[in-house]
Amino acid sequence: MSVKKIAIIGGGNLGTAIAEGLIQSGFVSPKHILITKRNTQTLLELERKGVLVSDRNEEALRYADLIILAVKPYQVSEVLAPLKKEFREDRHVLVSVVTGVSTEEIGGLLGKRIPIVRAMPNTAIAIQESMTCLAARDASEEQLQFVQDVFSQLGKSIRIDEKLMDASTVLGACGTAFAMRYIRANIQGGIEIGFDAATANQIAAQTVKGAAALLLTKGTHPEQEIDKVTTPKGCTIAGLNEMEHRGFSSSLIKGLVASYEKIKKDQ
């Protein structure tokens, strides 16, 4: 178990999911986590588990070495501005899970050479199954490794170049919704061929989970696994070919690119 204290500024859905995941993993004791929010009434469940809660962000920096910033993009400036004097270059590491705000922008707001790590998790962080991409600025290997260890308790984590962070948002975060839409279509198809909705849901979700686990566990390419279930003149290849004729892969790729272009346009 880590003994380093962690503070989370922003007790919304993502901030509380991170706290819950760290507690469940046993990586850090609840008493070594502090989480802030204006309305602390919504944090009572975490407080009952031993997490410290506060409505003052200054307390987060006085308490912890690792600070996780989990606020809305438009709140970053107003949250960090009053905290400039509290940040210490020789103590703090700041981790931002804020979408679309670069480490350079955050560093400019602080006006100090604080180690900053940008993290992009997805909603599966709530069940410790996130795919989190990390990019760092002014952080030592030891500091970055500790941050990676934190997010590895909440699923899987990888380091990427920050210029790929927007792309990781599309592939890893928007990708959750794209996968859900595929599962939903699978369920609808399952109902049409005879299953009730609940049974179709269970079969479709577990099948996708198993397919993903095959790739992650064996390190194979999807086509290698597809080859194992596509027999000559079989039903699988007939279905795959029909989907491709209808633009299945093409529409997915176009959707990913459209999401990426939207992010770039809005910056």
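The values are calculated or read from the model by the stated rules, or taken from the named source; none is laboratory data. Computed from a predicted structure; not experimentally measured. Positions of Cβ are generated from backbone atoms using ideal geometry, with glycine treated the same way; all protein chains shown enter the neighbour counts. Just the protein is used for accessible areas: all its heavy atoms, side chains included, with ligands, DNA and RNA removed. Shrake-Rupley method; radii C 1.70, N 1.55, O 1.52, S 1.80 Å.
A compact table of results
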read-out: Strands (runs of 3 or more DSSP E) fully within the range 61-130 counting 3 or more residues that are under 14 Å from the mean Cα position of the chain (by Cα); value: 116-120
read-out: Selection status of A167, over 16 Å from the mean Cα position of the chain (by Cα) and in contact (Cβ under 8 Å) with a residue 24 or more places away in the chain; value: no
read-out: Lone qualifier among G210, G194, G190, G239 - being farther than 21 Å from S130 by Cα, in a helix (DSSP H, G or I), open to solvent by less than 90 Å² (accessible area, probe 1.4 Å) and free of Cβ contacts under 8 Å to residues at least 12 places away in the same chain; value: G239
read-out: Residues of the range 34-73 classified as open to solvent by 70 Å² or more (accessible area, probe 1.4 Å), within 24 Å of I106 (Cβ to Cβ) and among the β-branched types (V, I, T), total; value: 0
read-out: Boolean, T176 is surrounded by fewer than 16 Cβ atoms within 10 Å (Cβ to Cβ), within 13 Å of the chain's Cα centre (by Cα), within 25 Å of K265 (Cα to Cα) and without any contact (Cβ under 8 Å) to a residue 60 or more places away in the chain; value: yes
read-out: Residue check for E225: out of contact with any Asp or Glu (no Cβ under 9 Å at 6 or more places or on another chain), among the acidic types (D, E) and open to solvent by less than 80 Å² (accessible area, probe 1.4 Å); value: yes
read-out: Among (1) closer than 21 Å to P115 by Cβ; (2) part of a helix (DSSP H, G or I); (3) of a type outside the set (F, W, Y) - the single one T16 does not satisfy; value: (1)
read-out: Residue count, the range 77-120 (criterion: closer than 20 Å to A19 by Cα and either among the hydrophobic types (A, V, I, L, M, F, W, C) or open to solvent by 10 Å² or more (accessible area, probe 1.4 Å) (or both)); value: 12
read-out: Index of the failed condition, T220 passing every other in (1) open to solvent by less than 60 Å² (accessible area, probe 1.4 Å); (2) touching a residue at least 12 places away in the same chain (Cβ under 8 Å); (3) over 30 Å from P73 (Cβ atoms); value: (2)
read-out: Residues (assigned to a helix (DSSP H, G or I), surrounded by 14 or more Cβ atoms within 10 Å (Cβ to Cβ) and polar (S, T, N, Q)) located in the range 139-171; value: Q143, Q148, S152, S168, T169
read-out: Number of positions in the range 140-164 that are within 12 Å of the chain's Cα centre (by Cα) and over 22 Å from L216 (Cβ atoms); value: 0
read-out: Residues that are without any contact (Cβ under 8 Å) to a residue 60 or more places away in the chain and either over 17 Å from A179 (Cα atoms) or open to solvent by 70 Å² or more (accessible area, probe 1.4 Å) (or both), drawn from the range 258-267; value: E261, K262, K265
read-out: Answer residue from the range 129-138, given it is crowded, with 17+ Cβ neighbours inside 10 Å and touching a Gly at 6+ places or on another chain (Cβ under 7 Å) and is nearest to D90 (Cα to Cα) among those; value: R137
